[in-house]
Amino acid sequence: MMQRFKAAVLARHQGLLSRCRRGLCSLPDTVLNDDLDHQVLVEGKAWSRTAILNRPSVLNALTTAMGARLQKLYRSWEDNPDVGFIVLKGSGKAFCAGGDIVSLYHLINQGRIEDCKEFFRALYPFIYLLGTCLKPHIAILNGVTMGGGGGVSIPGTFRIATDKTVFATPETLIGFHPDAGASFYLSHLPGHLGEFLALTSEKLNGLDMIACGLATHYLHSSRIPLIEEELGKLVTDDPSVIETCLDKYGELVHPDKTSVLHRIELIDECFGHDTVEEIIDALESEAGRTSDAWCISTLKRLKDISPLSLKVSLRSIREGRFQTLDQCLVREYRMSLQGISKQITSDFCEGVRARLVEKDFAPKWDPPSVDKVTKDMVDQYFSSLSEFEPDLDLPTELREAFI
């Protein structure tokens, strides 16, 4: 079964994901006034530049200023003939835990919706810039890589996972939807693994990321300084030369025995259904027939998540499977504005409150159950806030995604 899974991964990786080349973080008020000039640091090497996400005390959570600075840096490096390739990494124990959603929560409650929109207008275009970058890109995912952390790394050429990597798209836990390009890259994973990850917010480790194609290389975290030193010596803009260097130090690894990837056939059977109701029914049927602990825990997880987020996220992944990166980002932008607007529901603020602010872990979802989520609610989530609300503006005529 694992051989068939790997074959499917390879086909996906070669055909789509490899050519394309936010998450949750609780931010105390004391860090909201970080020195903006130091939120993204820069290192220069012989033929490369390294951008360092530098908010280690909050797992390098992304801010509007960081999105804007990354755009500026990457544009200048792409135009600079003395820069052959780009590296992105995080300070401290994380790569990036996603967006600064607690700050968004406070902005929403203060009525500062335009400031919230500015966050998405800074982050999403950077993700498109990364996905269309003409120079090789290497993301070192050494530590927590969640939500927007995946968004600012997976569309790039190479992704290095380690024994410390923890990946997830945990937005449904806070009444949101997998965004920052997640509906593109999750939908192109083998089978219906993308639906499973999007709906359950389940974590993957570095071994899992290699097996399913989210990462391109794996090495032990103790060897990160070595690979950085070797990359710093390269004088090239050739992806094949960089790949040879990464292959030299990378390790051949396989998922451990407890990996969810060993359940890919069951995931496909359950999460391949058309509706959330049918997915839950399939899991309940399997749990009743086998008393399988994994099915039981997955059911409990789904029933703890925002019902509207489940339906919205399932549709988002299904639409993403037939869209380009730019189309996914434009759609996700509309969805994100709806998610923060409170026009349909206050689930995003309620989820952030329950998990990251008051931490009572008892969100009161609205609607409270899947059967109360109407088609009109889901449809509205995919529409513009108003007829006067402009869509996300991406430079698609100048930069066509490699998809």
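The values are calculated or read from the model by the stated rules, or taken from the named source; none is laboratory data. Just so it is clear, the structure is predicted and the values come from calculations on it, not from any experiment. Note that we place each Cβ from the backbone using ideal geometry, even for glycine, and neighbour counts take in every protein chain shown. To get the accessible areas, we keep the full protein, side chains included, count just its heavy atoms, and leave off ligands, DNA and RNA. Shrake-Rupley method; radii C 1.70, N 1.55, O 1.52, S 1.80 Å.
D360 fulfils the conditions (1) surrounded by fewer than 17 Cβ atoms within 10 Å (Cβ to Cβ); (2) part of a helix (DSSP H, G or I); (3) out of contact with any Asp or Glu (no Cβ under 9 Å at 6 or more places or on another chain) except for a single criterion, (2). The combined condition, being modelled with pLDDT under 95 and hydrophobic (A, V, I, L, M, F, W, C), is not fulfilled by V312.
In the stretch 68-89 there is no residue that is on the phi > 0 side of the Ramachandran plot, part of a loop (DSSP other than H, G, I, E, B) and open to solvent by 50 Å² or more (accessible area, probe 1.4 Å). Determine whether the stretch 41-60 contains at least one residue that is in contact with a Leu (Cβ under 6 Å, 6 or more places away or on another chain), on the phi > 0 side of the Ramachandran plot and buried (at least 21 other Cβ atoms within 10 Å of the Cβ). Among the residues of the stretch 41-60, at least one is in contact with a Leu (Cβ under 6 Å, 6 or more places away or on another chain), on the phi > 0 side of the Ramachandran plot and buried (at least 21 other Cβ atoms within 10 Å of the Cβ), which makes the answer yes.
A quick yes/no check of all residues on (1) of a type in the set (D, E); (2) more than 18 Å from the chain's Cα centre (by Cα); (3) closer than 20 Å to E171 by Cβ:
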residue	(1), (2), (3)
L53	no, no, yes
V58	no, no, yes
T63	no, no, yes
G67	no, no, yes
D82	yes, yes, no
I86	no, yes, no
A94	no, no, yes
G99	no, no, yes
V102	no, no, yes
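Any chance the stretch 259-266 includes a residue that's of a type in the set (D, E), closer than 24 Å to L186 by Cα and either assigned to a helix (DSSP H, G or I) or open to solvent by less than 50 Å² (accessible area, probe 1.4 Å) (or both)? Among the residues of the stretch 259-266, at least one is of a type in the set (D, E), closer than 24 Å to L186 by Cα and either assigned to a helix (DSSP H, G or I) or open to solvent by less than 50 Å² (accessible area, probe 1.4 Å) (or both), which makes the answer yes.
Let's see how each residue does on (1) in a helix (DSSP H, G or I); (2) in contact with a helix residue (DSSP H, G or I) (Cβ under 9 Å, 6 or more places away or on another chain); (3) over 19 Å from D179 (Cβ atoms):
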position	(1), (2), (3)
L308	yes, yes, no
Q323	no, yes, no
Y333	yes, yes, no
L337	yes, yes, no
Q380	yes, yes, no
S384	no, yes, no
L398	no, no, yes
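Could you please let me know if D366 is open to solvent by 10 Å² or more (accessible area, probe 1.4 Å), in a helix (DSSP H, G or I) and at pLDDT 95 or above? It is false that D366 is open to solvent by 10 Å² or more (accessible area, probe 1.4 Å), in a helix (DSSP H, G or I) and at pLDDT 95 or above. Pairs meeting the criteria (first residue in the stretch 382-393 and surrounded by 10 or more Cβ atoms within 10 Å (Cβ to Cβ), second residue at pLDDT 90 or above and hydrophobic (A, V, I, L, M, F, W, C), beta carbons under 6 Å, at least 6 apart or on different chains) are L385/L337; D391/V330; L392/V330.
The number of residues in the stretch 216-237 that are assigned to a loop (DSSP other than H, G, I, E, B), out of contact with any strand residue (DSSP E or B) (no Cβ under 9 Å at 6 or more places or on another chain) and among the acidic types (D, E) comes to 0.
Taking the numbered list (1) within 30 Å of W365 (Cα to Cα); (2) of a type in the set (V, I, T); (3) open to solvent by 10 Å² or more (accessible area, probe 1.4 Å) in turn, T172 passes all entries but (3).
The set of residues in the stretch 315-330 that are in contact with a Leu (Cβ under 7 Å, 6 or more places away or on another chain) and open to solvent by 10 Å² or more (accessible area, probe 1.4 Å) comprises D326, V330. Scanning the stretch 291-301 for residues that are part of a helix (DSSP H, G or I) and open to solvent by 10 Å² or more (accessible area, probe 1.4 Å) yields a total of 7. Looking only at the stretch 113-150, which residues are closer than 20 Å to K164 by Cβ and either open to solvent by 10 Å² or more (accessible area, probe 1.4 Å) or of a type in the set (G, A, S) (or both)? If the condition is that a residue be closer than 20 Å to K164 by Cβ and either open to solvent by 10 Å² or more (accessible area, probe 1.4 Å) or of a type in the set (G, A, S) (or both), then A139, N142, G143, V144, M146, G147, G148, G149, G150 are the ones that fit. Going by the structure shown, is P255 on the phi < 0 side of the Ramachandran plot, open to solvent by less than 60 Å² (accessible area, probe 1.4 Å) and touching a helix residue (DSSP H, G or I) at 6+ places or on another chain (Cβ under 8 Å)? Judged against the criteria, P255 is a match.
When the stretch 153-169 is filtered for residues that are in a strand (DSSP E or B) and not hydrophobic (A, V, I, L, M, F, W, C), only R159 remains.
Conditions (1) at pLDDT 95 or above; (2) closer than 26 Å to L207 by Cα, marked per residue:
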site	(1), (2)
L59	yes, yes
V87	yes, yes
G90	yes, yes
Y128	yes, no
L134	no, no
G148	yes, yes
G151	yes, yes
I154	yes, yes
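Restricting the stretch 217-252 to residues that are open to solvent by 80 Å² or more (accessible area, probe 1.4 Å) and aliphatic (A, V, I, L, M), the residue that is farthest from the chain's Cα centre (by Cα) is V235. Assess whether L197 counts as being open to solvent by 10 Å² or more (accessible area, probe 1.4 Å), part of a helix (DSSP H, G or I) and either touching a helix residue (DSSP H, G or I) at 6+ places or on another chain (Cβ under 7 Å) or not β-branched (V, I, T) (or both). No.
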